[in-house]
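Enquirer: Just dropping this structure here.
The values are calculated or read from the model by the stated rules, or taken from the named source; none is laboratory data. Owing to the predicted nature of the structure, the values given are computational and were not obtained by experimental measurement. Here the Cβ is made from the backbone with ideal geometry for all residues, glycine too, and neighbour counts use every protein chain on show. For accessibility, only protein heavy atoms count, side chains too; no ligands or nucleic acids. Shrake-Rupley method; radii C 1.70, N 1.55, O 1.52, S 1.80 Å.
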Amino acid sequence: MSVLAALGGDPIRTETYPRWPVFDHAEIEAVTKAVLSGRWGGSPYPGPNTAEFAAKFSEMQGGGAAVPMMNGTITMEVALRAAGIGWGDEVIVPAYTFQATAAAPMEAGAIPVLVDVSPENYCIDPAAVLKAITDKTKAIIVVHLAAQMADMDAILDIARAHDLVVIEDAAHAHGARWRGMGSGTIGDFGSFSLHSAKILTTGEGGVLLCKDQHMAELAASIIDCGRPKDADKKNYTMGVNYRWSELHAAIGLVALERFPGQMAQRAEMADYLEECISEIPGLSMLTRDPRLTRRSQYRYIIKIDPDYYHCKNDTFCYAMVKEGLPVDTGYPAMHRYDLFQPLLSRLPVPSAFPEYFNFEEMSFPVAETASESESVWMGEAIFRSGKQGVDDLVAGLMKLHENRGKLPQLAEQFAEEIETHDQLSKMRKRR
Ligand SMILES: Cc1ncc(COP(=O)(O)O)c(C=O)c1O
């Protein structure tokens, strides 16, 4: 039996996985051209690169009016503001996602109401949404997590029945399709991040897709200090400067060209991974919904059976990282997430409605189990490194399986090392 790298054995992989983002002379030329044009900023909005990016992004997603802006958090805030949702309104969000999904409603003055996710796909659970609706509920934000999409059929049924706005947080799901419809084009708004880790990136950036042209005009106005965007230039809004720069948009135009090939490559390797790991005991995959007609993958999540492996996901990931394999435990459940501190917000929402933020009394069993015991998030680069990259990952999983009796003793070692190791510290439990 080979010795675990965490216990002094040789790691499975010593070569690093390919870097992200991918770039070459094309990005350098695009930015150089933008610099030489002298048109660097986003004003007047949209600049020519931003407008071209918006048209091409919307074409790629298959619909919606695209409004590019500074990041994929304000996209959600702006969507809520455009829809007239704010002070005291409730917005339902999943308890298992990046902090931004819950923070954005607060920036619009609304109250994020957390609900649990489904064990099938770790996306928002429609049954939990239904239970959380009150007469103050105005919107649902769903998150298409990692390589999954939320059940948009069920969510739209609920939204129609209760007259709610639907925002798709598609920060992980550029290019994905639900029954042939592009992510972000199914609800009223689609919110995309172009942050450096995302599968379509310009370093920083975001795109809001709006189903309704009037909403797109309002959104463009809100991010451009309130300047009117209607044909008659009469409709002023209360806005701020969240415009996107032309330098970012120049990179974005190249990124859009690279994207389809990268998406196909990741999808092919995810299929291959699924073939390879289906036989490893104690591991399971999330459900592959046939309505997810095109999978676009940011990260790939598997579940471990903590009893079978005699450890939780953090120790499991620690052992994998020591084998040279980039995995982590993903997000904490929102009510246990250090990055989500609504009581420190400068908005009056938390003090006016403290009952919404009583985290000690909240319970989201699926999100808690996912984040604290069973989910293992595979790094994106694994899926851009050919079959060898996936084979190494699988070899690591098999090595851990073979050595599962030794995993409990790693928990202590992990706790000692965690403070000093960057990659591992990402796995730290928040509470
Ligand atoms: C699910 C999700 N929503 C929203 C965001 C926020 O995007 P940004 O960093 O561009 O503000 C991120 C990631 O950063 C994310 O992962």
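Enquirer: If the cut-off is 20 Å between C-alpha atoms, which lysines fall inside it for LYS406, apart from same-chain ones fewer than 8 positions away?
Expert: Those lysines meeting the cut-off are LYS303, LYS312, LYS322.
Enquirer: To continue, here is another question. Under 5 Å between amide hydrogens, which residues at least 5 positions from ILE301 or on another chain qualify, with H placed 1.01 Å from N in the peptide plane?
Expert: Counting only residues 5 or more places away or on other chains, the set is ALA147, MET378.
Enquirer: Go ahead and run the numbers for FRET between GLU59 and VAL35, Cβ-Cβ distance against an R0 of 30 Å, rounding to 0.05. Display every interim value, and only then the final one.
Expert: On the way: r = 27 Å, r/R0 = 0.89.
Approximately 0.65, to the nearest 0.05.
Enquirer: Roughly to the nearest percent, how much of the accessible area of the stretch 283-431 is carbon and sulfur, given a 1.4 Å probe? Working shown, then result.
Expert: Details: 3290 of 6620 Å².
After summing per-atom areas, the C and S share lands at 50 percent.
Enquirer: Using DSSP loop states and a limit of at most 12 other Cβ atoms within 10 Å to flag GluC sites (Glu not before Pro), what is the longest stretch of the chain containing no flagged site?
Expert: In the chain, the maximal stretch lacking such sites is 16-278.
Enquirer: Once you compute Rg and the Kirkwood Rh from C-alpha atoms, what is the Rg to Rh ratio for the chain?
Expert: 0.98
Enquirer: Out of the total accessible area of the stretch 22-126 (probe 1.4 Å, heavy atoms of protein only), what percent is carbon and sulfur?
Expert: That fraction is 61 percent.
Enquirer: For the stretch 163-223, with all protein chains present and a 1.4 Å probe, just round the carbon and sulfur fraction of the accessible area to a whole percent.
Expert: Exposed carbon and sulfur together represent 50 percent of the surface.
Enquirer: Which lysines does LYS56 reach when only Cα atoms under 21 Å apart count, and residues fewer than 8 places away in its own chain are ignored?
Expert: Result set, ordered by chain and number: LYS33, LYS198, LYS211, LYS229.
Enquirer: Determine the per residue accessible area of the chain with all protein chains present and a 1.4 angstrom probe, expressed in square angstrom.
Expert: 41
Enquirer: Still on this structure, I have one more. In the chain, which whole DSSP H runs stretch at least 27 Å along their own axis (Cα) and average -1.0 or higher on the Kyte-Doolittle scale?
Expert: For the chain, where a helix must reach 27 Å along its axis and average at least -1.0, the hits are 246-277.
Enquirer: Go through the stretch 188-193 residue by residue and turn each phi into a ³J(HN,Hα) via Karplus (6.51, -1.76, 1.60, θ = phi - 60°); whole Hz please, and just put x for glycine and proline.
Expert: Here the 3J(HN,Hα) series is 6, 9, x, 10, 10, 9 Hz.
Enquirer: Toward the positive end of the charge dipole of the chain, about the Cα centre and with charges on Cβ (Lys, Arg +1; Asp, Glu -1), which of GLY239, TYR337, TYR96 goes farthest?
Expert: The one lying farthest along the dipole's positive direction is GLY239.
Enquirer: When only C-alpha pairs under 8 Å and at least 6 residues apart count, what is the relative contact order of the chain, in percent?
Expert: 21
Enquirer: Of all the Cα-Cα pairs you can form in the stretch 150-286, what percent are over 24 Å apart?
Expert: 47
Enquirer: Something else now. In whole angstrom, note down how far apart the Cα centers of the stretch 338-411 and the stretch 189-265 are.
Expert: Measuring centre to centre over Cα atoms gives 29 Å.
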